[in-house]
Every structure is written in structure tokens, then in C-alpha cells.
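Asker: Following this message is one structure expressed as C-alpha cells.
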Amino acid sequence: MNIWLVIFITGVITYAIRLSFIILFEHREVPPGLQRWLKFVPPAVFAAIIFPEIFVHNESVDLSLDNARLVAGIVAALVAWRTKNLLLTILIGMATLLVIQVVQNQF
């Protein structure tokens, strides 16, 4: 029951935060400084979600080539940089991770 309460409260808080911006700026323009600041929110959230998954292995920071997620992340970053294609980046990143994990499990 506690997990459902946490999920519900988190959802209400998230909704309230989003609604507050809609209500606050419904009849006014968003200040330029806030607009510049808000452009950094998606990359910051993305980094906060992705980086621990890539850099943390076995509950410690692992920057070695034994970390399959790190290697797949580097490959995906290179694909994204060269192609600017999100779908191709995801597919190649996931395929790289799968191949590395299969190879690691073989040895």
C-alpha cells in the first residue's frame, strides 16, 4: 500500500508543479532569463537519469571497458554525434549492449 501512496503523491506533486507554470504564465510572457534557464532542464534531467546507469556498475563507479553499459553509451554517443538520428542511436546502442553482454557471458 505504501508504494501506491508514494506513486500517487509523486504524481500529484508533478502535476502541481506543471500546472503552476501554466497558471502563473497564462496571461503573461515568460521572462527571457527564465526561458534561457528552462532550456537546461531537459539535458539536466536526462543526465541525472542516464549517467548513473552508464557509469555505476556493481554499486561503484566503473570507467573501465569491462562496463558494458559505458561502452554501449560511448558507441551510442558517437552514432548520435555523427548521424543526429535518435532511432538509429537507440538501436545501435542497444544492439551494442546486447552483443557485449552476450560476449561477456560466453567467457
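The values are calculated or read from the model by the stated rules, or taken from the named source; none is laboratory data. Predicted model, so just to flag it, every value in this text is computed and none were measured. With ideal geometry, Cβ positions are generated from the backbone for all residues, glycine too; neighbour counts draw on all protein chains shown. Calculation scope for accessible area: heavy atoms of the full protein, side chains included, ligands and nucleic acids excluded. Shrake-Rupley method; radii C 1.70, N 1.55, O 1.52, S 1.80 Å.
Asker: Provide the gained length on full extension for the span Val30 to Ala48, in nm with one decimal, where the gain is 0.36 nm per separating residue minus the Cα-Cα distance.
Answerer: Values: separation 18, 0.36 × 18 = 6.48 nm, distance 2.56 nm.
Gain on extension, Val30 to Ala48, equals 3.9 nm.
Asker: Oh, and also: Could you work out what % of the accessible surface of the chain is carbon and sulfur, using a 1.4 angstrom probe and leaving DNA, RNA and ligands out of the count?
Answerer: Numbers: 6630 of 9170 Å².
The nonpolar share, carbon plus sulfur, comes to 72 percent.
Asker: Further, regarding this structure: Placing +1 on the Cβ of each Lys and Arg and -1 on the Cβ of each Asp and Glu in the chain, which of His57, Leu70, Gly33 has its Cα farthest towards the positive end of the resulting dipole?
Answerer: Ranked along the dipole, the leading option is Gly33.
Asker: Filter the chain for me: DSSP H helices, axial length by Cα at least 24 angstrom, mean Kyte-Doolittle hydropathy not below -0.5. List them by residue number. Could you put the intermediate results ahead of the total?
Answerer: Working: long enough: 2-24 (33 Å, 2.00); 86-106 (30 Å, 1.75).
Flagged H segments are 2-24, 86-106.
Asker: Per residue, how many Å² of accessible area does the range 13-107 show with a 1.4 Å probe? Spell out each step's value before the answer.
Answerer: Numbers: 7920 Å² over 95 residues.
In whole numbers, the range 13-107 has 83 Å² accessible per residue.
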